[in-house]
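Undergrad: A single structure is presented below for examination.
The values are calculated or read from the model by the stated rules, or taken from the named source; none is laboratory data. Keep in mind that this is a model prediction, so the values were computed, not measured. Cβ placement follows ideal geometry from the backbone for every residue including glycine, while neighbour counts extend to all protein chains displayed. What goes into the accessible areas is simple: the full protein's heavy atoms, side chains included, and nothing from ligands, DNA or RNA. Shrake-Rupley method; radii C 1.70, N 1.55, O 1.52, S 1.80 Å.
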Amino acid sequence: MPKPLIAGNWKMNGSRAALAEVDAIAAAAERANGVDVAICPPFTLIEPAVRKVEGTPVAIGGQDCHWAEKGAYTGWTSCAMLVEAGARLVIVGHSERRQYAHETDEEVRRKAEAAIAAGLTAIVCVGETEAERDAGEAEAVVARQLRGSLPTDGAERLVVAYEPVWAIGTGRTASCDDVAAIHAAIRRDLRAILGDAAGAQVRILYGGSVNAGNAAELLAVADVDGALVGGASLTAAAFVPIVEAAAAQG
Ligand code: PGA
């Protein structure tokens, strides 16, 4: 079984003062044997966050990247820039970027390929909307996103996050049965796309309103290899119990 990853996505939240939370998260990560822990703060906080976690097992990541090495792309950040700032991973294709920045599967794939080529771990996000789930299309939508968004090389630095859009920031989570069904389908798709051995090793995270109260049962579902956590990653008080729940299953 792949080592679980608990990754926090701060979105457009946080400040230098809030980095005190990272100290407490790093202390908990040191005790959580067998669990990888990461925090993805806004770009401006990556470098100070990296300094905070130096010598601890916590990895710092970005929330987006561009696929080009450099150039006339106002407002974007390249993978090389993330690496230089000390990031070790990057989230690509988050539903908020697919929705508000109109990112396509093709763009997400190019970003993931660039991230992996730069030595970063890429967390590729997929997930259906509520209307798609109600129409019985959840698995088909996720399968289509995977085929379009996944790089076919570098599986050892690839993570997939299944995040049903209707569960993000809403306090609603998918049922364990639904999570089990989708994660099993994602595992089948990963094996088909990447080959059997590589597809079996890619971690599949669940994301969407994960918190201290529901983490243990979600993490116990087959093929759930960790969590991508938004709101509950902003404070150590909310995030550390999720890390501990993952460690307790090891
Ligand atoms: P949430 O966000 O935990 O606040 O629902 C998850 C995410 O968007 O990654």
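Undergrad: Starting from the Cα gyration tensor of the chain, take the square roots of the eigenvalues, sort them a ≥ b ≥ c, and report rounded, prolate or oblate (rounded when a/c is under 1.5, otherwise prolate if a/b is larger than b/c, else oblate).
TA: Here the chain falls in the rounded category.
Undergrad: Tell me the relative contact order for the chain as a rounded percent, counting alpha carbon contacts under 8 Å between residues six or more apart.
TA: Computed value for the chain: 22 percent relative contact order.
Undergrad: Follow-up question, since we're still on this one. Just to be sure I follow the definition: excluding the sites themselves, where is the longest run in the chain that has none of the trypsin sites (Lys or Arg not before Pro) in a DSSP loop with at most 10 other Cβ atoms within 10 Å?
TA: Longest gap between qualifying sites, sites excluded: 71-250.
Undergrad: Turning to a different aspect of this structure: Where does the chain land at 222 nm, in deg cm²/dmol rounded to the nearest 500, when only DSSP H runs of n ≥ 4 count, each adding -39500 (n - 2.57), divided by all residues?
TA: So the helix-based figure for the chain works out to -13000 deg cm²/dmol.
Undergrad: Need the C-alpha centroid separation for segment 94-114 versus segment 15-52, integer Å.
TA: Between the Cα centre of segment 94-114 and that of segment 15-52, the gap is 25 Å.
Undergrad: Given points 7 Å out from each Cα along the Cα-Cβ axis, report the Ala238 to Ala20 separation in nanometres with one decimal.
TA: Roughly 1.7 nm, to one decimal.
Undergrad: All other residues with a Cβ under 14 Å from the Cβ of Gly213 taken together, and with Lys, Arg as +1 and Asp, Glu as -1, what is their net charge?
TA: Taking every other residue near Gly213 into account, the sum is -1.
Undergrad: At 20 angstrom or more along the helix axis (alpha-carbon based) and mean Kyte-Doolittle of -0.5 or higher, what helices does the chain contain? Whole DSSP H runs only.
TA: The qualifying helices are 176-194.
Undergrad: Under a 1.4 Å probe, what is the accessible area of segment 5-232 per residue, stated in Å²?
TA: Normalised by residue count, the accessible surface of segment 5-232 is 43 Å².
Undergrad: Same structure, new question: When the accessible area of segment 5-232 is computed with all protein chains present and a 1.4 Å probe, what percentage of it is carbon and sulfur?
TA: 49
Undergrad: Now for a different question. Relative contact order, percent, of segment 126-250 when contacts are C-alpha pairs under 8 Å separated by at least 6 residues?
TA: 24
Undergrad: Over segment 96-189, what relative contact order in percent results from Cα pairs under 8 Å that are six or more residues apart?
TA: Answer for segment 96-189 is 33 percent.
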